[in-house]
Amino acid sequence: MNFRRTRALVAAAVLAVSVGSAPMVTSAVTPVAQSKGQLRAGAARIDVTPPVNPKYPPLNEYEHEKLYVRAIVFENKGVRGALIGADLGGIDEAVWVDAVKGVAAELKTPAENIIISSTHTHSGVPAGPATTGPRYGTEFMARVALQAVKQAKARLEPAQVGYSTGEAALNVNRDAINPDTHKWTQAANFDAPVDKTVGALTFYRTNGSPLATYVNYAMHPVNGYLNGLTSADFAGATSRYVEQAFGDKMVAVFTQGASGDVNPRWLRTGTNVLASRSDVPITGYELVRETVEAPVRDGKVPYGDVDPKVMRQLFDYMNALGIVLGEEVIRVMSHTGDKVSDPAIHGRQHLISCPGRTRLDNAREGVPGEYEDGPDVAIRFGALEIGDIALASTDAELYTKIGLRVKQQSPLSKTMLVTLANGKAASGYIPDDESYGHQTFQVLGSRLKPGCAEDGIADGIQHLISQ
């Protein structure tokens, strides 16, 4: 059955749909009084690292062993906005609803002027064996986000804002064909598309020093997955490297681009940690990730201890990624032009509803999935404009081609796409329509039928920015 809809129908759905299960969060507010146009900005960082587990003590040697919630607050002509990022695996829908309501009330601004996102670190959890319990951060995210925003608001000062991009060749597409089985699997695919863009929206003080930067790169922080220790992975390492480069007098918020089908280019050190835990021989060469990970992930082997040298090599690697990516961020910040001090601030959000499917089998990869019709799936996307800069956002993990299409179709050349932002869609991964033939765990596990989400998101964001 062909589920593709025409773009005209999708555009109509973007404008008309109202989904009760995932309500829009809006605020009717009066702008803060301000007599003239002068951008002001402030930033804050709050430590949310879990308590130490004596059975799995931290190394206490790396900046990325700490987790933070960071906030940037800005205002111009009585209109405020906020950019909030957390070193967490994700932020559940109900938690986001509570958080954005509190922040919107504190800032007296519409919820559409606020983006709350996670870095998606896969090791941003309390130390110890993997748990199937609630997502870490659920119980405190709303409270800490509001606390960070209050601190940032108290530090508002005159500022300018600019946006520029660079690139980093640290990522790789992860939908691949296994050369031995000739079936789909998760591995490095250097022939498939990946977005190497490093974006940085930076607020500068009037003396030229950076006050805060909002960084975007597309790469899954999976290096520390199942390793048993707490880490913000390369994302947190990047933020701390940039912050420390400026004497901790600024804040660097890291956000995820379209990385649903993107991994770090190298996974050897993280795979070696899992091998060490499960007594798989470490050869020095790259091991096949899925072969080593699956028994640990599925609980089929005892959760053993890790050789400290192997763990340190992983943490060194995550730190190295942060240094390289951080240097590119600093280079971009150093050469950003067209800074403005009087930008208009305006945000919009919409929900679309796409046909859903329910999976009937439980194979991980390499086979066709079996499905029946399921509930429709709501997807939230938005556009927050700061002058001629557009911060597009979605509440799910998108495939690369959708992210590239969003940027290509945007009426504004300075467009950043922030995923895993403003809630959590029930969709799982969102592949582009062409990638639905990939029998990877991301595609097989998606609760969306093909033919709706790609057009709905790309055309919908284009429409919001065009408004």
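The values are calculated or read from the model by the stated rules, or taken from the named source; none is laboratory data. In this text the structure is predicted, and so the values were computed from the model without any measurement. We place every Cβ from the backbone using ideal geometry, glycine too, and count neighbours over all the protein chains shown. These area figures cover heavy atoms from the full protein model, side chains too; ligands, DNA and RNA do not enter into them. Shrake-Rupley method; radii C 1.70, N 1.55, O 1.52, S 1.80 Å.
So, of the residues in region 102-126 that are among the small types (Gly, Ala, Ser) and open to solvent by less than 10 Å² (accessible area, probe 1.4 Å), which turns out to be farthest from the chain's Cα centre (by Cα)? Across region 102-126, the extreme among qualifying residues is ALA104. For the condition in contact with a helix residue (DSSP H, G or I) (Cβ under 6 Å, 6 or more places away or on another chain), in contact (Cβ under 8 Å) with a residue 24 or more places away in the chain and within 30 Å of ALA41 (Cβ to Cβ), what is the one hit in ASN272, ASN319? It is ASN319. ARG312 satisfies every condition listed in (1) over 24 Å from the mean Cα position of the chain (by Cα); (2) outside any helix (DSSP H, G or I) except (2).
The residue that is surrounded by the most Cβ atoms within 10 Å (Cβ to Cβ), counting only those in region 260-302 that are assigned to a helix (DSSP H, G or I) and among the basic types (Lys, Arg), is ARG277. Exactly one residue out of PRO355, PRO375 is out of contact with any helix residue (DSSP H, G or I) (no Cβ under 7 Å at 6 or more places or on another chain) and open to solvent by less than 30 Å² (accessible area, probe 1.4 Å), and it is PRO355. Within region 94-117, is even one residue part of a loop (DSSP other than H, G, I, E, B), in contact (Cβ under 8 Å) with a residue 12 or more places away in the chain, over 30 Å from ASP342 (Cα atoms) and among the aliphatic types (A, V, I, L, M)? Among the residues of region 94-117, not one is part of a loop (DSSP other than H, G, I, E, B), in contact (Cβ under 8 Å) with a residue 12 or more places away in the chain, over 30 Å from ASP342 (Cα atoms) and among the aliphatic types (A, V, I, L, M), which makes the answer no. When you check PRO368 against the structure, is it crowded, with 19+ Cβ neighbours inside 10 Å, of a type outside the set (A, V, I, L, M, F, W, C) and over 27 Å from LEU170 (Cβ atoms), yes or no? So PRO368 does not fit the description; no. Can you tell me how many residues in region 419-440 are within 21 Å of the chain's Cα centre (by Cα) and either open to solvent by 20 Å² or more (accessible area, probe 1.4 Å) or not polar (S, T, N, Q) (or both)? Residues flagged as within 21 Å of the chain's Cα centre (by Cα) and either open to solvent by 20 Å² or more (accessible area, probe 1.4 Å) or not polar (S, T, N, Q) (or both) within region 419-440 amount to 11. Take the conditions (1) in a loop (DSSP other than H, G, I, E, B); (2) surrounded by fewer than 19 Cβ atoms within 10 Å (Cβ to Cβ); (3) at pLDDT 95 or above; (4) of a type outside the set (A, V, I, L, M); GLY337 misses just one of them, which is (3). Candidates ALA33, ALA11: the one that is at pLDDT below 95, in a loop (DSSP other than H, G, I, E, B) and either at negative phi or open to solvent by less than 40 Å² (accessible area, probe 1.4 Å) (or both) is ALA33. Please determine whether any residue of region 85-101 is among the basic types (Lys, Arg), open to solvent by 20 Å² or more (accessible area, probe 1.4 Å) and touching an Asp or Glu at 6+ places or on another chain (Cβ under 9 Å). No, the conditions are met nowhere in region 85-101.
TYR241 meets the conditions (1) over 30 Å from VAL443 (Cβ atoms); (2) of a type outside the set (S, T, N, Q); (3) not in a helix (DSSP H, G or I) in every case but one. The failed one is (3). Exactly one residue among GLY247, GLY228, GLY224, GLY208 is touching a Pro at 6+ places or on another chain (Cβ under 7 Å) and part of a loop (DSSP other than H, G, I, E, B), and that residue is GLY228.
Okay, residues lined up against (1) touching a Leu at 6+ places or on another chain (Cβ under 8 Å); (2) under 20 Å from ASN173 (Cβ atoms); (3) open to solvent by less than 10 Å² (accessible area, probe 1.4 Å); (4) in contact (Cβ under 8 Å) with a residue 60 or more places away in the chain:
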| site | (1), (2), (3), (4) |
| --- | --- |
| LEU417 | yes, yes, yes, yes |
| GLN442 | no, yes, yes, yes |
| ALA458 | no, yes, yes, no |
| HIS463 | yes, no, no, yes |
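Show the residue pairs that are 6+ apart or on different chains and have beta-carbon atoms under 8 Å apart, the first residue being within region 59-83 and in a helix (DSSP H, G or I), the second being polar (S, T, N, Q). Every condition considered, the pairs that remain are GLU63/GLN244; GLU63/ASN319; HIS64/SER231; HIS64/ASN319; GLU65/THR49; GLU65/THR230; GLU65/SER231. Restricting region 232-257 to residues that are among the aliphatic types (A, V, I, L, M) and more than 27 Å from LEU398 (Cα to Cα) leaves a set whose member that is farthest from the chain's Cα centre (by Cα) is ALA245.
Counting only residues that are modelled with pLDDT under 95 and either small (Gly, Ala, Ser) or crowded, with 24+ Cβ neighbours inside 10 Å (or both), region 226-249 holds 2 of them.
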